[in-house]
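A short worksheet on the structure shown next.
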Amino acid sequence: MATYRAEVVGSLLRPAYLKQARLDLAADRLSIRQFKQIEDQAVDEAIALQQESGVDVVTDGEMRRSGFVGPLTDYVDGFEALGLDTLPWHTPLAEETQLAVPFTVTGKLRRRRSLAAEEFTYARARARLPLKVTLPSPLMLALRWSPAFSAEAYPEPFDLFADAAAILRDEIAELASLGCDYIQIDAPELAILVDPAIRSRVYEAKGISSDRLLLEGVDLLNAIAEAPGVNFAIHFCRGNNAGHWMSAGGYEVISRRVFGRLTRYSTFLLEYDSWRCGDFEPLADISPDKTVVLGLISSKSDELEPAEMLAKRFEQAARHFPREQMALSTQCGFASVAAGNPIRPATQRAKLKLIAELAHRLFQ
């Protein structure tokens, strides 16, 4: 696989007209056909934005999703919008808050329809650049498993993860059959394990073993990344919810137990935009034949980072991982949830352009 120096993570800000259309659809003010035409327009604009910015690979902006986990929660039976469980988050000012879990597992998982084939086939016909499809990690359902509401269907949460992994394997096979050759698995549930408080409150308090996630869970992630002709990427972040973040801590807490066992992934996209991410030393735990995409640019902040500061940090990272195997991106998407991060569309455009210009300058 060619190294894409100027990468994107996945989601882009949803335009206001798309947010309104989703509300109108729910209120029966729009037909499905009308809504799909509006979605199509948003995808067209998302692809055009990325191509015009000069990045090397594009996504459909995740415009058709309720959030980045949408492929599982939108098109798989077994979830209910209870809104009763909460998770600890931090505001942009680092103040702790609680946000409701939008969907909770209450029944056995059953795939109703393809998760991302519509996204890929529509975007495939319009993208001039290489096209990436993102899918949520099956381990993300650890954040949707509740002892109170999920245990009847899944008394053992790792059985839930296994069922989600089977659904994702079927989806990956379908995408591969349609010509998709680049798939990214989004796995923030691993990076949030760097924070002892989150390990305790989000996992251990519910009876989910962090050690099992780092062993069986990582092996499950590695097992789904298999399809002829497909290159796989994996994305780590510490939570990205309308500007909020979940955990803080360096990768050294998990790097030796995780990075080397993800053998089927050619590309690692790593959050590195703030103090929460620690230093670059854990990059040495990634095999030097992989590609590391440094998420140095923040999708949470409306401020544009100075290019020279980013270049300096890039060179610092190169002390720990081969420079020729590195690339640039934001630390996460701009809208992991439909509401989007507190950032203006103009800043989003400027940050994508910054990624492209700096990455190409560093490797000219």
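The values are calculated or read from the model by the stated rules, or taken from the named source; none is laboratory data. Keep in mind it's a predicted model, so treat the numbers as computed, not measured. Cβ coordinates were reconstructed from backbone atoms using ideal geometry, including for glycine residues, and neighbour counts include every protein chain displayed. In case anyone asks, the SASA skips ligands and DNA or RNA and just uses the protein heavy atoms, side chains included. Shrake-Rupley method; radii C 1.70, N 1.55, O 1.52, S 1.80 Å.
Tabulated values for the structure
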item	result
Environment charge of residue 113, counting only residues whose C-beta is closer than 13 Å and scoring Lys/Arg +1, Asp/Glu -1	-3
Fully extended contour minus Cα-Cα distance, from residue 252 to residue 96, at 0.36 nm per residue	53.7 nm
Percent accessible area from carbon and sulfur atoms, the stretch 230-330, protein chains only, probe 1.4 Å	50
FRET efficiency estimate (nearest 0.05) - Cβ-Cβ, residue 128 to residue 200, R0 35 angstrom	0.15
Percent antiparallel among DSSP beta bridges (both partners in the stretch 234-335, rounded to 5)	5
Within the stretch 174-235: Cβ-based charge dipole about Cα centre, in debye rounded to nearest 20 (Lys, Arg +1; Asp, Glu -1)	280
Among 352, 270, 84: highest mean-square fluctuation, GNM of the chain, C-alpha pairs under 10 Å	84
Mean separation of Cα contacts under 8 Å, 6 or more apart, over the residue count of the chain: relative contact order %	21
Separation of the residue 31 and residue 226 label points, Cα + 7 Å toward Cβ, nm	4.5
Share of alpha-carbon pairs per 5 Å distance bin for the stretch 75-123, given as whole %	5, 17, 15, 14, 14, 14, 14, 8, 1
Full-extension gain in nm, residue 350 to residue 320, via 0.36 nm per residue minus C-alpha separation	7.9 nm
The stretch 276-360, dipole about Cα centre (Lys/Arg Cβ +1, Asp/Glu Cβ -1), debye to the nearest 20	280
Rounded accessible area per residue of the chain, 1.4 Å, Å²	39
Fraction of antiparallel bridges per DSSP, the chain only, in percent to nearest 5	30
Computed label-point distance, nm, for sites residue 311 and residue 212 using a 7 Å Cα→Cβ extension	5.0
DSSP-defined beta bridges in the stretch 63-205 - what % are antiparallel, rounded to 5	70
Segment residue 339-residue 81, length gained on full extension (0.36 nm per residue, minus Cα span)	91.2 nm
The chain - Rg over Rh from alpha carbon coordinates, Kirkwood radius	0.93
Once exposed loop trypsin sites (Lys or Arg not before Pro) are cut out (DSSP; at most 14 other Cβ, 10 Å), longest piece of the chain	129-318
Options 259, 222, 244, ranked by Cα towards positive dipole end of the stretch 200-266, top entry (Cβ charges)	244
Interchain or long-range residues, amide H under 5 Å from residue 99's placed H	87, 89
Gyration tensor verdict on the stretch 9-76 (Cα atoms; rounded if a/c is under 1.5, prolate if a/b is larger than b/c, oblate otherwise)	oblate
Links that overshoot a 20 Å alpha carbon limit, given the list 300/351; 132/300; 290/353	132/300; 290/353
Percent accessible area from carbon and sulfur atoms, the stretch 76-196, protein chains only, probe 1.4 Å	52
Net dipole in debye of the chain [+1 Lys, Arg Cβ; -1 Asp, Glu Cβ; about Cα centre; nearest 20]	480
For residue 274, net neighbour charge (Lys/Arg +1, Asp/Glu -1) across residues whose Cβ lies under 15 Å away	-2
Residue-count net charge about residue 195 - beta-carbon cut-off 15 Å; Lys, Arg +1, Asp, Glu -1	-1
